[in-house]
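Chemist: For reference, the structure I am asking about is given below.
The values are calculated or read from the model by the stated rules, or taken from the named source; none is laboratory data. Keep in mind that this is a model prediction, so the values were computed, not measured. Don't worry about glycine lacking a Cβ; one is built from the backbone with ideal geometry, like all the others, and counts go over all protein chains shown. Just so you know, the surface numbers come from the protein's heavy atoms only, side chains and all, with ligands and any DNA or RNA stripped out. Shrake-Rupley method; radii C 1.70, N 1.55, O 1.52, S 1.80 Å.
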Amino acid sequence: MSSDVVALFDRLASSYDSVLPFFASFGRLTADRLPAPAPGDRLLDVGAGRGAVAFAARSRGYTVTATDAAPAMVALLRPELDAHVMYAASLDFPDGTFDVVTAGLVVHLLDDPAAMVSEVRRVLKPGGLFAFTVPGRVPEGFEFADGANELFAAFSVHLPPGGGMGAPFDELEALAGFTDVTETDLRVELPVGDAGTLWEWFQTHGSRKFFDDLPPVRRDEFRRRLLDDLNRRDRIVLRRYAWLYTGRSSPLTNVMPTGVDRN
Ligand SMILES: C[S@@+](CC[C@H](N)C(=O)[O-])C[C@H]1O[C@@H](n2cnc3c(N)ncnc32)[C@H](O)[C@@H]1O
């Protein structure tokens with residue numbers, strides 16, 4: 001499964017985030033909420049894609065390293081960024097290397113998020129910050145400005161068994177053992193020129209898998225119903241949210257090998 005997800009993003013790399021600056025906007029919001037770096041503070045961005053978080057964090061003054069499992073994504077980050085092909089659950093860095101680790105809209109795509117979190121904890125310096133975003137539940141008071149989510153729910157019955165990406169994952173449980181845990185919802189609203197542009201946007205990131213997995217006749221029907229919905233609206237707006245979670249690695253636990261009695 002994980003290799004399917006990576007292959008999808010590898011294929012989409014050249015069009016990813018090029019139709020609307022969706023991921024770039026969430027990346028900026030995420031980086032804006034990081035603490036101001038001390039000189040030389042090192043940040044690792046895992047699952048960096050086209051660098052939405054990584055470039056924004058560099059603008060804030062962090063010394064940034066980016067990793068992604070999709071070689072085509074990494075090729076597009078180089079040489080501007082120090083970028084490496086690496087799976088999130090197997091980070092080839094020594095223990096305690098980074099002051100901050102970020103992961104923008106990637107943890108929910110992983111087969112084994114716990115393995116990634118354990119690697120993040122290992123490469124963070126004691127007391128270092130982990131910040132990640134995921135789609136998660138609809139925040140209170142949030143309203144979608146298009147009917148795509150209802151269509152995704154309605155059409156999911158036409159998917160072959162075993163479709164989808166990622167594994168069930170409880171964000172706060174994943175941060176067990178981290179301190180100063182926070183949860184914040186981030187919101188993005190982007191004007192969209194026409195209905196076809198929003199359809200095209202859905203084809204350039206993870207939702208593409210949904211459409212690739214649908215029988216062609218159902219895919220055409222989804223497109224027609226989405227465009228009808230959008231064309232009935234006065235203006236077309238892409239309004240979405242993401243949840244930002246942050247936590248600090250415990251100064252004690254992440255330097256102690258498992259099983260060592262601290263007393
Ligand atoms: C939705 S994109 C997010 C990219 C970027 N963080 C952003 O905010 O635009 C997910 C990224 O995770 C990468 N990815 C998926 N599975 C991965 C894995 N197991 N290890 C590392 N990267 C992975 C994909 O190649 C893709 O670039």
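Chemist: Does the range 158-172 hold any residues that are more than 14 Å from residue 249 (Cα to Cα), open to solvent by 50 Å² or more (accessible area, probe 1.4 Å) and not in a loop (DSSP other than H, G, I, E, B), and which are they?
Modeler: 158
Chemist: Kindly check whether there is at least one residue in the range 35-53 that is out of contact with any Phe, Trp or Tyr (no Cβ under 9 Å at 6 or more places or on another chain), of a type in the set (A, V, I, L, M, F, W, C) and part of a helix (DSSP H, G or I).
Modeler: No, the conditions are met nowhere in the range 35-53.
One line per residue, one yes/no per condition, for (1) among the basic types (Lys, Arg); (2) within 25 Å of residue 167 (Cα to Cα):
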| site | (1), (2) |
| --- | --- |
| 21 | no, no |
| 33 | yes, no |
| 39 | no, no |
| 51 | no, yes |
| 57 | no, no |
| 69 | no, yes |
| 78 | yes, no |
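Chemist: Here is a list: 55, 142. Which entry is modelled with pLDDT of 95 or more and touching a helix residue (DSSP H, G or I) at 6+ places or on another chain (Cβ under 9 Å)? Talk me through it step by step, then tell me what you get.
Modeler: Details: 142 fails: touching a helix residue (DSSP H, G or I) at 6+ places or on another chain (Cβ under 9 Å).
Being modelled with pLDDT of 95 or more and touching a helix residue (DSSP H, G or I) at 6+ places or on another chain (Cβ under 9 Å) holds for just one of 55, 142, which is 55.
Chemist: So residue 176 ticks every box in (1) closer than 30 Å to residue 97 by Cα; (2) small (Gly, Ala, Ser); (3) modelled with pLDDT of 95 or more but one. Which box is left unticked?
Modeler: (3)
Chemist: May I pose another question? I want to confirm something. Restricting to the range 1-42 and keeping residues that are modelled with pLDDT under 95 and among the aliphatic types (A, V, I, L, M), which single residue is least open to solvent (accessible area, probe 1.4 Å)?
Modeler: In this case the residue turns out to be 5.
Chemist: Restricting the search to the range 95-132, which residues are in contact with a Phe, Trp or Tyr (Cβ under 7 Å, 6 or more places away or on another chain), assigned to a helix (DSSP H, G or I) and open to solvent by 30 Å² or more (accessible area, probe 1.4 Å)?
Modeler: Hit for the range 95-132 is 108, nothing else.
Chemist: Inside the range 70-90, can you point out the residues that are surrounded by fewer than 17 Cβ atoms within 10 Å (Cβ to Cβ), near the ligand (Cβ under 10 Å from one of its atoms) and in a loop (DSSP other than H, G, I, E, B)?
Modeler: 90
Chemist: If I ask for residues that are open to solvent by 70 Å² or more (accessible area, probe 1.4 Å), among the small types (Gly, Ala, Ser) and more than 23 Å from residue 183 (Cβ to Cβ), which ones from the range 133-152 would you list?
Modeler: Residues of the range 133-152 open to solvent by 70 Å² or more (accessible area, probe 1.4 Å): 137-138, 140-141, 143, 150.
With among the small types (Gly, Ala, Ser) added as a condition, the list becomes 141.
None; the set is empty.
Chemist: If the requirement is being under 15 Å from the mean Cα position of the chain (by Cα), in a strand (DSSP E or B) and either more than 12 Å from the ligand (Cβ to nearest atom) or without any contact (Cβ under 8 Å) to a residue 40 or more places away in the chain (or both), which of these qualifies: 56, 66? Spell out how you get there, then give the answer.
Modeler: Working: 56 fails: in a strand (DSSP E or B).
Answer to the check: 66.
Chemist: Sticking with this one: Could you tell me whether any residue of the range 22-31 is farther than 15 Å from residue 102 by Cβ, within 10 Å of the ligand (Cβ to nearest atom) and over 16 Å from the mean Cα position of the chain (by Cα)?
Modeler: Checked against the condition, which is being farther than 15 Å from residue 102 by Cβ, within 10 Å of the ligand (Cβ to nearest atom) and over 16 Å from the mean Cα position of the chain (by Cα), the range 22-31 yields no hits at all.
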